[in-house]
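Data block below; observations after.
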Amino acid sequence: MALPTRVLCPGSFDPVTLGHLDIIGRAVALFGDVLVGVGNNSQKNYLFSLDERVDLVREAVVGLPSVQVEPITGLLTQFCADRHINAVVKGLRFGADFDFELQMAHMNHGLSGLETILLPAAAEHVTLSSTMLREVARYGGDVDRYVPAAVRAAIRRKQAAGDLA
Ligand code: PNS
């Protein structure tokens, strides 16, 4: 099979971080066109709604013309089949990521033949996690250096509105 020229970068992006943007940019460099799929993982308790997460990713990739962003509302495999996408690209930080990604990769491949390509996170982002950023932000900490400008503003708005509890 030839390498794909359009791939999906799926994730929760709650919120999108500089680590996610690094993976998206490298997927563009490797494959060309990238669709970012913002989905729901039923085991996660989200800070930002699906619409908010989609808007924040859209703002963050505004300088990357070959990147589009859409919400994933159903199964990832159906979403990809509907768009003739046969590979997803995800970032891999450490062992716990690998265990989870391997399970999802096998499930997605078993469901539809969808391939998963795992890119190692850049050294400077290897311990960065949206979960930890949400926790720090909830207690009023400063996470500015880890997120794009749109997310900084969105976190400030939630902090000011008392919506982070
Ligand atoms: O950033 P995350 O939380 O690892 O992203 C997980 C996500 C949203 C990509 C995954 O939960 C997903 O694909 N959700 C869509 C529904 C689905 O297909 N679930 C089964 C995955 S094996």
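The values are calculated or read from the model by the stated rules, or taken from the named source; none is laboratory data. This one's a predicted model, so the numbers in the text were calculated from it and none came from an experiment. Ideal geometry is used to build each Cβ from the backbone, glycine not excepted, and the neighbour counts take in all protein chains shown.
The set of residues from the range 59-71 being under 13 Å from ALA149 (Cβ atoms) and of a type in the set (D, E, K, R) comprises just one member, GLU59. When the residues of the range 6-41 are filtered to those that are closer than 18 Å to ALA105 by Cβ and surrounded by fewer than 17 Cβ atoms within 10 Å (Cβ to Cβ), which remaining residue is modelled with the lowest pLDDT? Checked the range 6-41; the qualifying residue modelled with the lowest pLDDT is ASN41.
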